[in-house]
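The structure appears below as structure tokens.
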Amino acid sequence: MKVIVFDLGGTLMQYVGMPHSWVEFYNQGFEAICRTFACQVTQDEIEQSIHCLTEMNPRVNYREEEYLPEEMFAKALAHWPGKLPIAECVKVFWDGLELRAELYPDTISVLHDLKEKGYRIAALTDLPSGFPDERFRRDIAELMEYFDYYVSSAVSGVRKPNDGGLRMIAEKFGVSLSELVLVGDEEKDARTAERAGCKSVRIDRSGEREESIGSLEELYITLDWEK
């Protein structure tokens, strides 16, 4: 069985205009909560919430354990007056960022081709810190039909470079970890594959890294597949 595991953000899709760390956009999200629920809070209190959420961001403070969005926002909003509906606050926060998901031009054609050739395709992605898994799945609905197995950090409970997600995928397909190939755009993807003892392919769509592929089309060359 041939199993290709794809990272998602920066590999198959992107949120247009968003950097790896979304901390600078937190204020926008908390202001949306404030407007929606008519909260009487000061900017200093919003800044306190931003600081709390930032401290739980794994790109700021390293962690491999995944946190639930509801528990993160319960902590970040604990000092706001009144009893806020946390699950609704999570939704309003992310709606307030006005995110726009976009697939890369080569994504669908390559995934379709791999499926036609009999490859099993899995997704292994770390969700943006505090981002609901169901919201992310909705944003990538066009991709979901190509995945034989989808594992997000919410599903596995861990974040890369922890190899727990790869272990789930190997077990799902009944293959050894060494038989997996992980395709991703970040150093942590390569480190995850190294921990698991499987092959990795790094993609850099900017074309600045000579040791990386610049598009998914180059996978055929890198892994000696027939196109």
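Of note:
- Computed magnitude of the charge dipole of segment 84-162 (debye, nearest 20; Cβ of K, R +1, Cβ of D, E -1): 280
- Cleavage-rule hits (GluC sites (Glu not before Pro)) in segment 150-227: DSSP loop, at most 16 neighbouring Cβ within 10 angstrom: Glu208, Glu210, Glu211, Glu226
- Cross-link pairs Lys117/Lys188; Lys115/Lys188; Lys2/Lys172; Lys115/Lys172 - those with Cα-Cα distance over 23 Å: Lys117/Lys188; Lys115/Lys188
- Summed side-chain charge close to Ala76 - residues other than Ala76 whose Cβ falls under 13 Å, Lys, Arg +1, Asp, Glu -1: -4
- Straight-line reach from Lys75: taking Cα to Cα under 18 Å and skipping same-chain neighbours fewer than 8 places apart, the lysines in range are Lys83, Lys91.
- Carbon/sulfur fraction of accessible area - the chain, other protein chains in place, 1.4 Å, %: 47
- When nucleic acids and ligands are ignored and a 1.4 Å probe is applied, Ser176 ends up with an accessible area of around 50 Å².
- Accessible solvent surface per residue of the chain, calculated while the other protein chains remain in place, 1.4 angstrom probe, Å²: 48
- Measuring between their Cα centroids, segment 188-203 and segment 18-67 lie 30 Å from each other.
- Classification of segment 110-227 by its C-alpha gyration tensor yields a rounded form. The axis ratio a/c (a ≥ b ≥ c) stays under 1.5.
- For segment 49-114, applying the loop criterion from DSSP together with a ceiling of 13 other beta carbons within 10 Å to the chymotrypsin sites (Phe, Trp or Tyr not before Pro) yields Tyr62.
- Calculated [θ] (222 nm, deg cm²/dmol) that DSSP helices of n ≥ 4 give over the chain, each run adding -39,500 (n - 2.57): -11000 deg cm²/dmol
The values are calculated or read from the model by the stated rules, or taken from the named source; none is laboratory data. All values reported here derive from a predicted model rather than from experimental measurement. We place every Cβ from the backbone using ideal geometry, glycine too, and count neighbours over all the protein chains shown. Just so you know, the surface numbers come from the protein's heavy atoms only, side chains and all, with ligands and any DNA or RNA stripped out. Shrake-Rupley method; radii C 1.70, N 1.55, O 1.52, S 1.80 Å.
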